[in-house]
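K.L.:
Below you will find the structure I want to go over with you.
None of the figures in this text is laboratory data; all of them are computed from the coordinates on show. Keep in mind that this is a model prediction, so the values were computed, not measured. We place every Cβ from the backbone using ideal geometry, glycine too, and count neighbours over all the protein chains shown.
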């Protein structure tokens, strides 16, 4: 069975990484296996470093390079990622219960199969994001503000991480029941 995928979206420096970090800690303590996938839009980013053995393997033509250490296994695939689908990404997380996707706004915005936790700082941001994202599981906020939106819960992830984790957990239970 494929993991429950939840996208955590929001503007730059909105708290997406912190939200995933807090949720991961809370859900891992409950016994769930968590995967976190980060979209890195920087075209020059590489996890590999020039001169290292893995880099040298790729330079010589290897399309897949795997580094194995005492506590980690890292797979580096040298390929164009523009045509990688969301399902391609999720298949890599096959043994996990929950996959948090950070970023990937264009891939997930209107995808009804992927619930979103939208990290916002103001009611105006929340209103704008209602037009961009569907379905929204919750708004994660770091400071309280008044909002006219009552259908979607607003959760202060720092003060009430368990409340947001409960919403995610309900998605996992719902998926395993079907």
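K.L.:
The range 88-135 to the range 65-81: how many Å between their Cα centroids?
P.N.:
After rounding, the separation between the Cα centres reads 26 Å.
K.L.:
What does a probe at residue 25 reach in the range 101-138, counting residues whose amide N is under 20 Å from the point 7 Å along Cα→Cβ?
P.N.:
Residues 101-102, 117-120 qualify, since their backbone N sits under 20 Å from the label point.
K.L.:
Something else: Per DSSP helix of 4 or more residues, -39500 (n - 2.57); summed, then divided by the residues of the chain. What does that give at 222 nm, rounded to the nearest 500?
P.N.:
It lands at -9500 deg cm²/dmol.
K.L.:
Three principal axis extents, largest first, for the C-alpha atoms of the chain, in Å?
P.N.:
So the three principal-axis extents are 58, 33, 28 Å.
K.L.:
Now for a separate question. As I understand it, the value is the acute angle between the Cα axis of helix 16-29 and the longest principal axis of the Cα atoms of the chain; what does it come to in degrees, rounded to 10?
P.N.:
90
K.L.:
Order the peptides 58-70, 130-142 from the highest to the lowest mean number of other Cβ atoms within 10 Å of their residues.
P.N.:
Values: 58-70: 11.1, 130-142: 18.4.
In descending order of packing, they fall as 130-142, 58-70.
K.L.:
Counting DSSP beta bridges in the chain, what percent are antiparallel, to the nearest 5? Let's see the in-between values first.
P.N.:
Working: 5 of 28 bridges.
So the antiparallel bridges amount to about 20 percent of the total.
K.L.:
May I ask for the angle, rounded to the nearest 10°, between helix 123-132 and the longest principal axis of the chain, with both axes built from Cα atoms and the value confined to 0 to 90°?
P.N.:
With both axes taken from Cα atoms, the answer is about 60 degrees.
K.L.:
Starting from 0.36 nm per residue, how many nanometres of slack lie between residue 44 and residue 166 once their C-alpha separation is accounted for? Display every interim value, and only then the final one.
P.N.:
Working: separation 122, 0.36 × 122 = 43.92 nm, distance 3.78 nm.
Residue separation times 0.36 nm, minus the Cα-Cα distance, leaves 40.1 nm.
K.L.:
Is the shape of the range 36-118 best called rounded, prolate or oblate, per the rule: a/c under 1.5 gives rounded, else a/b larger than b/c gives prolate, else oblate, with a ≥ b ≥ c the square roots of the Cα gyration tensor eigenvalues?
P.N.:
Working: a/c = 2.40, a/b = 1.76, b/c = 1.37.
Taking the square roots of the gyration eigenvalues as a ≥ b ≥ c, the range 36-118 is prolate.
K.L.:
If you build a Gaussian network model of the chain, linking Cα atoms that sit under 10 Å apart, which residue out of 83, 160, 44 swings the most?
P.N.:
The residue with the greatest mean-square fluctuation here is 44.
K.L.:
Which of the three applies to the range 67-162, rounded, prolate or oblate, going by the alpha-carbon gyration tensor with a ≥ b ≥ c and a/c under 1.5 meaning rounded? Could you put the intermediate results ahead of the total?
P.N.:
On the way: a/c = 2.73, a/b = 1.78, b/c = 1.53.
Here the range 67-162 falls in the prolate category.
K.L.:
For a quick check: sort 21, 29 by the number of other beta carbons within 10 angstrom, fewest at the front. Mind showing how you got there, number by number?
P.N.:
Numbers: 21 15, 29 10.
Exposure proxy ranking, most exposed first: 29, 21.
K.L.:
Sticking with this one: Among the DSSP beta bridges whose two residues both lie in the range 65-166, what percent are antiparallel, rounded to the nearest 5?
P.N.:
Numbers: 4 of 12 bridges.
Given both bridge residues lie in the range 65-166, the antiparallel proportion sits at roughly 35 percent.
K.L.:
If each residue of separation counts as 0.36 nm, what is the full-extension length gain between residue 55 and residue 82 once their alpha-carbon separation is subtracted? List each step's numbers first, then the result.
P.N.:
Details: separation 27, 0.36 × 27 = 9.72 nm, distance 2.15 nm.
This chain segment gains 7.6 nm when fully extended.
K.L.:
Okay, next question. Work out Dmax and Rg for the range 10-82 from the C-alpha atoms and quote the Rg first, both in angstrom.
P.N.:
15.9, 44
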